[in-house]
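Accompanying notes for the structure given below.
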Amino acid sequence: MPQEYRLILKNADLPGYTPDIDCYLRHGGYETLRKCLALPVRELPDGKKQTAQEQIRDEVLKSGLRGRGGAGFSAGLKWSFVDRKSGKPIYLICNADESEPGTFKDRQIIHKDPHQLVEGMIIACFANDVHLAYIYIRGEMPEGARLLNKALRAAREQGFLGKNILGTGFDLEIHVHRGAGAYICGEETGLIESLEGKRPYPRIKPPYFPAVLGLYLCPTIVNNVETLAAVRHIMAMGAMEYSKLGTPNNTGTRIVSLSGHVKRPGYFEIEVGKVTLGELIFHENFGGGLRDGRRLKAVIPGGSSAKIFKAGEKFKLKRKGPDGQMATVEVDLLDLPYDFDSLQQAGSMSGSGAIIVMDDSTDIVGALANISEFYAHESCGQCTPCREGALWMSKALHRMAHGRARRADPDYLLSIAQNIQGRTICAFGEAASWPVLSFVRKFREEFDARGAADESKAATATGRTPAAK
Amino acid sequence: MSTPTPFLPPQTAPSAETIRVKVDGRDIDVPKMMPDWQGKLQPTTMLQACQLAGVEVPHYCYHSKLPVAGNCRMCLVEFGTPMMGPDRKPVLNEDGTPKIARSVLPYEPGTPRGAIACATPISPGMELYPSSAATRQMREAVLESLLINHPLDCPICDQAGECKLQEYSVQHGQATTRFVETKVHKPKVVDLGPRIVLDDERCVLCTRCIRFTRDLVGDDKLGIVNRGSYNTIAAFPGTRFENNYTLNTVDLCPVGALTSKDFRFQMRVWFLKETPSICATCATGCNVTVGSREEVIHRLTPRENDAVNGHWMCDHGRLNYRWVGRSDRLAEVQVRLSSGDLQRSSWTVALDRVAQHLRKATAGSVAIIASARLTTEELFLLRQIGVRVGAIMDSVPRRGEGDAYLVHADKNPNMNGARATGVVGAEPGSQLPRIIEGIRTGAIRTVLAFGEDLVKAGCPAESLGRLEMLVAGDILPNATTARAHVVLPGCAHLEKRGTFINAKGRVQRFRKAVEAPGDARPEWEYLLDLHRALGGPSGPDNIEGLFHWMAREVPVLAGLEWSRLGDTGVTVTI
């Protein structure tokens, strides 16, 4: 029976569990940090010696942990790119700018169990020789910022932060920085610019890869809240045990934010790939199905920028068969395992882990108009295709949603979107264009019908025959 | 030399080591490293490689002397890199050539992907396709995006004719638009500062103006407000954009967003005749292009010269041209009658009168004041005349405020020309008290003043009345010309040819932009006549010949040739 596997949120919803440090300590808090700081130098079979820091980095790499922010990149590899020879300080930033529409997982950690994030951060900082770290929290989450500041203060009082942590000689300070309310601040280089006090314009890469030229042009690690919390658990249970959770190349747990037309919207922590999209929507342990009398129309599987799935879609996935050979299998939408690789092979992504369910009451043109308006509003406007294209698509969709659609509009929209994706400074270009590309391609008939209806209505009103198309 | 600044970075040579790449199918070896905007060697970019291959990559935000922004996306270029096998060796085609993997979108392998040429370094074996169908499609799309919200008000836009939106529209644009939505409206006629007006609707948000004033001038006054398509360039709230370099942003602006209050709505740029010249406002000698039509100057714009002013000039110098067209310009040769009245005369009569007087003058009774605003050739001729008649000579120093960028404290454009030709000694102006005293006591009875007002230079006006002969060669009337026995109307430097030697010893040639009014002649022309009349050798009668004569006589100019000065000059040691 598919069910939650609570690792990060193990304690969060326990009766009487509070976000203060005493409660955390009673539940074994900061024991993992003590263990990590005290790791003895290890001798490898080849005679090389491995410091405590190297051991932690190695563990995180071996755990297979993939970034929980959206891109799903290996956290251990990301750490390995850090320029450790530049002579400059290395910074670590926790990206708590959770802004992707449909996503509400990081705030569960921050609001209910912030100390495991702090502990994960201290371990990550220790492993990467970081002595100054920041939590960049979304401006719309003042309560989260208050709780984090309180948690940092408590950790400092207990000697987990500050100078000479737990007598090991390791120094670390963590500051909370509140954003001012812009989606683009979740893009890591936009975040870095914002943290530097500038307009959050994402940086061009090359040359500004954060691992080399990040905050204040120093090597910088930017990790998501959930990723850093997972580091604490990887070090608590060991990479071997952690990587047994989930499925190969999609290890561990992740918190899924389920919203839309389901009976039980909410957050669910699952082993990655052990639960299918269908189970998440319909099983009583998760979404509990659609509202009575409704049928599934579409699912956005990874936050509003992920490409939409249409009910009934089938996908060809590459799977390792029982004989160990790769084989192509056909998988129904509802049977897609909720993991990084399957969703990518199905042409979308698990993104931030936000599943938005739409039933047959949904006006697909209106839904896309809503999403596009968000991206038009949040485009930072730095580079041309996204700045002009995002608003262009939004205006066209607004027009379509308000009775002035044209037969030409579906192709018009596709063409605008194609001129954005892959041509912008940051991935916002994709975020703005993918919903349009996927909605129009998969629900083409609805867009076409809208155009035909509005044109003939207009023709009747003006007494003109619509031009043949 | 002053220390290099971001404003005027050092001139760095590209690396000797080269990389072979292909541009549009042609092999080319390009330097591995090339100077960036600060003159630091950085890996050569795709854009630089294409430039070296003679292929233009269109762009708005990129400028060789500004930090790279990469925001306009106009320079997106499709490219390919050699494929590597699992053994990390290049994969070869059947004919032995390396197999190239064309860049594609990672999530859509059938779709070509471009890279911004301005910021993407080249690598060995890379192939660049700046003319491919995919590259052209990307450009057309960017251009379309830039135009959908643009007001398309070219007929009334000052930039029309030198606008990158127009130029690239010709090359990469569409004749029609498919945009059927409502355009974004933004502020118009924004009074950004004392010299700049901004039209935000025309702006393409390339941020050149912001980067220039922030990173080069150090005046972080401009920024962007709002977001997305509503992004708007603005000055920091409550402040004015008013440093002495603001007008450079008008030149940098690739479109008609930033306009000069001085120039806007004055003249269509395609009517302007462009003449290379030099700014004469201080001793820096910024290279300029003079824009004129029908003998009226309409604007000065900086002309690139990395040894002098880079791409820039100060606002004060740029706007210092209106006096050339003043209505009270000296336009008549005048000779004072015995009645005491000045009467219009001719060059022959006037110069003959001066020569006759000088031939009779005793050594030591003649003084020549030669302005350091005259050309080197004219100063040389005055020196020749001075030696011939045994005159005391000097020039008038002009000191003022300098800055760390381009403005020099020496406000004369050619004091080094006066030094080189021997018109002044080590200390310009040191002879002036002696000359003024000589005029007062009557020891000096003849004064030739060229380009300087003696009264302003400290000589009491009543002393001038005692002179037997006061010759004033000048451009505008002043207290000296009013008292002169002979008035010789001269030319502004924009009305003649010649050279200035700037504060760093740069010998810079300038050309004639406009005609002088009335009788006015270039000083060097009539000084040659005067020199001959005083028994000098017949000599040359054109500027080239005069320059070569001077180069033979003046040690620091030895070996220089007029034609080799080019339009950016040659540096000598003063």
If you scan the range A:411-437, which residues turn out to be at the interface with chain B (Cβ under 8 Å from one of its Cβ atoms) and among the aromatic types (Phe, Trp, Tyr)? A:Tyr412
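Looking at A:Gly69, A:Gly76, which one is closer than 16 Å to A:Leu228 by Cβ and outside any helix (DSSP H, G or I)? Give the derivation first.
Details: A:Gly76 fails: outside any helix (DSSP H, G or I).
From the options A:Gly69, A:Gly76, the qualifying one is A:Gly69.
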Give the residue, chosen from A:Leu397, A:Leu437, that is closer than 22 Å to A:Lys297 by Cβ and crowded, with 23+ Cβ neighbours inside 10 Å. A:Leu397
For the range B:1-47, give me each residue that is touching a residue at least 60 places away in the same chain (Cβ under 8 Å), open to solvent by less than 50 Å² (accessible area, probe 1.4 Å) and among the aliphatic types (A, V, I, L, M). B:Leu8, B:Ile19, B:Val21, B:Val23, B:Val30, B:Met46, B:Leu47
Answer yes or no: is there a residue in the range B:560-574 that is open to solvent by 20 Å² or more (accessible area, probe 1.4 Å), over 23 Å from B:Thr284 (Cα atoms) and in the same structural domain as B:Val349 (by TED's automatic domain parsing). no
Residue hits (the range B:161-190; of a type in the set (A, V, I, L, M, F, W, C), surrounded by 12 or more Cβ atoms within 10 Å (Cβ to Cβ), away from every other protein chain (no Cβ under 14 Å) and without any contact (Cβ under 8 Å) to a residue 60 or more places away in the chain) are B:Val190
Find the residue count for the range A:379-405, including only residues that are in contact (Cβ under 8 Å) with a residue 40 or more places away in the chain, in a loop (DSSP other than H, G, I, E, B) and more than 8 Å from chain B (Cβ to nearest Cβ). 3
For the range B:139-153, pairs from a residue that is more than 7 Å from every other protein chain (Cβ to nearest Cβ) to a residue that is in a loop (DSSP other than H, G, I, E, B) and not aromatic (Phe, Trp, Tyr), with Cβ under 6 Å and 6 or more apart or across chains, are B:Leu143/B:Gly173; B:Pro151/B:Glu201
What residue, of A:Ser80, A:Ser63, A:Ser74, is open to solvent by less than 10 Å² (accessible area, probe 1.4 Å) and within 30 Å of A:Glu100 (Cβ to Cβ)? A:Ser63
Wholly within the range B:15-61, which strands (runs of 3 or more DSSP E) include no fewer than the required count, namely at least 3 residues that are closer than 12 Å to B:Tyr129 by Cα? B:18-23
Are there any strands (runs of 3 or more DSSP E) wholly within the range B:331-393 with 1 or more residues that are open to solvent by less than 70 Å² (accessible area, probe 1.4 Å) and of a type in the set (D, E, K, R), and if so which? B:334-336
By residue number, the members of the range B:260-303 that are under 12 Å from the mean Cα position of the chain (by Cα), more than 26 Å from B:Leu192 (Cα to Cα) and not in a strand (DSSP E or B) are B:Ala280, B:Thr284, B:Gly285
Residues in the range B:545-554: is at least one under 25 Å from B:Tyr321 (Cα atoms), touching a residue at least 60 places away in the same chain (Cβ under 8 Å) and part of a helix (DSSP H, G or I)? no
For A:Ala376, the lone unmet condition from (1) crowded, with 20+ Cβ neighbours inside 10 Å; (2) aliphatic (A, V, I, L, M); (3) within 11 Å of chain B (Cβ to nearest Cβ); (4) over 20 Å from B:Cys206 (Cα atoms) is (4)
For B:Val104, indicate whether it is in contact (Cβ under 8 Å) with a residue 40 or more places away in the chain and not aromatic (Phe, Trp, Tyr). no
List the number of the failed condition for B:Asp200; all other conditions in (1) charged (D, E, K, R); (2) open to solvent by 20 Å² or more (accessible area, probe 1.4 Å); (3) within 14 Å of chain A (Cβ to nearest Cβ); (4) touching a residue at least 24 places away in the same chain (Cβ under 8 Å) hold. (2)
Here's a check for you: in the range B:83-134, which residue that is open to solvent by less than 60 Å² (accessible area, probe 1.4 Å), of a type in the set (A, V, I, L, M) and not in a strand (DSSP E or B) is farthest from B:Lys32 (Cα to Cα)? B:Ala134
Which ones in the range A:406-424 are part of a loop (DSSP other than H, G, I, E, B) and in contact with a Phe, Trp or Tyr (Cβ under 8 Å, 6 or more places away or on another chain)? A:Arg406, A:Gln421
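Among the listed residues A:Ile371, A:Ile356, A:Ile420, which satisfies the condition of being touching a residue at least 12 places away in the same chain (Cβ under 8 Å), out of contact with any helix residue (DSSP H, G or I) (no Cβ under 7 Å at 6 or more places or on another chain) and either under 22 Å from A:Ala71 (Cα atoms) or in the same structural domain as A:His261 (by TED's automatic domain parsing) (or both)?
A:Ile356
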List the helices (runs of 4 or more DSSP H) inside the range A:198-278, counting only whole elements, that have at least 3 residues being crowded, with 24+ Cβ neighbours inside 10 Å. A:225-237
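The values are calculated or read from the model by the stated rules, or taken from the named source; none is laboratory data. In this text the structure is predicted, and so the values were computed from the model without any measurement. Positions of Cβ are generated from backbone atoms using ideal geometry, with glycine treated the same way; all protein chains shown enter the neighbour counts. The area values use the complete protein model at the heavy-atom level, side chains included, leaving out ligands, DNA and RNA. Shrake-Rupley method; radii C 1.70, N 1.55, O 1.52, S 1.80 Å.
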